[in-house]
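Chemist: For reference, the structure I am asking about is given below.
Every read-out reported here was derived from the displayed coordinates using simple, explicitly stated rules and does not represent laboratory data. Note that the coordinates shown come from a computational prediction; the quantities given were computed from them, not determined experimentally. In this analysis, Cβ positions are derived from the backbone assuming ideal geometry, glycine residues included, and neighbour counts consider all displayed protein chains.
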Amino acid sequence: MYDEARFLPAGDRALVVEFGNEISPEVNARIRAMTAALEAEPIAGVVEVVPTYRSLLVHFDPLQVAPEVLEERLAELCRNLGELKLPEPTVTVVPVCYGGEFGPDLPFVCQHTGLAAEEVIRIHTGTDYLIYMLGFTPGFPYLGGMDERIATPRLKTPRTKIPAGSVGIAGKQTGIYPIDSPGGWQLIGRTPLKLYDPFREPPVLLTAGNYVRFKAVTKEEYDAIATEVAAGTYRVEVVPKREGREG
């Protein structure tokens with residue numbers, strides 16, 4: 001983690017605020033604090049902020065704020081991040097039906113790791129995963145903290161279409177496909193939740209800086225939840241973060 005943030009131009013309408021050169025919870029905490037600071041004290045001309053693994057991308061309107069002025073304002077915010085009181089992170093509980101038609105690659109994960117399916121599921125559901133960033137497709141969460149015992153390489157040939165809600169593993173990462181899309185992750189299960197819904201406010205279910213906890217459900221439970229989700233009556237479980245469940 002850098003002692004002081006670095007500011008890098010990204011074209012003529014964006015500025016990168018870089019906090020470190022590694023992926024870590026400490027760097028992410030500063031990104032989360034900076035995002036919250038900009039939400040609490042908006043800077044005129046800032047159009048959007050996009051958290052990433054190591055930095056915050058700040059989009060701005062150059063007709064409203066000059067880049068040098070923006071950098072000066074951002075640097076001031078960075079110096080005062082320690083005084084900002086952040087809300088406690090939350091954990092979104094994501095029900096997942098593992099294996100079978102929803103997790104066609106679970107047998108390969110078992111073969112690669114030497115673990116039984118029940119053990120892979122136990123390990124996968126035993127961690128609260130930090131949401132480092134959203135990207136690739138709308139609402140796709142890049143989650144940190146997966147146990148290396150279930151790390152599995154990507155598919156050699158990506159699939160052309162992966163169903164929305166599919167939960168996968170790629171290397172040391174795990175994630176959820178919010179919409180039907182191509183992809184090369186090993187699919188181990190599926191959630192009936194909609195991570196992205198353009199008709200919902202907000203359209204994206206998860207937020208960078210918070211956490212995800214996977215919960216194993218049966219096919220019958222999956223179907224029941226899917227029915228409630230379709231009817232708009234399902235209440236997503238969001239709980240306070242508790243210590244001891246990080247990967």
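Chemist: When a/c reaches 1.5 or more, the comparison of a/b and b/c decides; with that in mind, is the range 172-239 rounded, prolate or oblate per its Cα gyration tensor? Intermediate results must be reported in sequence, preceding the final value.
Modeler: Working: a/c = 1.38, a/b = 1.14, b/c = 1.22.
Taking the square roots of the gyration eigenvalues as a ≥ b ≥ c, the range 172-239 is rounded.
Chemist: State, in angstrom, two size descriptors of the range 92-180 derived from its alpha carbons: Rg to one decimal place and Dmax to the nearest whole number.
Modeler: 12.4, 34
Chemist: If contacts are Cα pairs under 8 angstrom and at least 6 residues apart, what is the relative contact order of the range 6-83 in percent? Provide the component values of the computation, followed by the final result.
Modeler: Working: 103 pairs, mean separation 25.6, N = 78.
Rounded, it is 33 percent for the range 6-83.
Chemist: Assigning unit charges at the beta carbon (Lys, Arg +1; Asp, Glu -1) and nothing else, what dipole magnitude in debye, to the nearest 20, does the chain show about its Cα centre?
Modeler: Details: 25 positive and 33 negative charges, 147 e Å.
Once rounded to the nearest 20, the dipole reads 700 debye.
Chemist: Is the shape of the range 90-240 best called rounded, prolate or oblate, per the rule: a/c under 1.5 gives rounded, else a/b larger than b/c gives prolate, else oblate, with a ≥ b ≥ c the square roots of the Cα gyration tensor eigenvalues? Mind dumping the intermediate values first?
Modeler: Values: a/c = 1.42, a/b = 1.37, b/c = 1.03.
Here the range 90-240 falls in the rounded category.
Chemist: Expressed as an acute angle from 0 to 90° and rounded to the nearest 10, what is the orientation of the C-alpha long axis of helix 219-231 relative to the principal long axis of the chain?
Modeler: For helix 219-231, the angle is close to 50 degrees.
Chemist: Run the reach check for K172 against lysines, Cα to Cα strictly under 26 Å, same-chain hits fewer than 8 apart removed. What comes back?
Modeler: Of all the lysines, those that pass the test against K172 - Cα under 26 Å, at least 8 places apart if same chain - are K156, K161, K194, K215, K241.
Chemist: Given an 8 Å cut-off on Cα distances and at least 6 residues of separation, report the relative contact order of the chain as a percent.
Modeler: Numbers: 508 pairs, mean separation 50.8, N = 247.
Once divided by the residue count of the chain, the mean separation gives 21 percent.
Chemist: Report the residues of the range 172-212 in range of a label on L8: point 7 Å along Cα→C-beta, backbone N strictly under 20 Å from it.
Modeler: Of the residues in the range 172-212, none has backbone N under 20 Å from the label point off L8.
Chemist: Given 5 Å bins starting at zero, what is the percent of C-alpha pairs of the range 105-150 in each, up to the one with the largest pair distance?
Modeler: Final binned percentages: 5, 22, 22, 18, 19, 13, 2.
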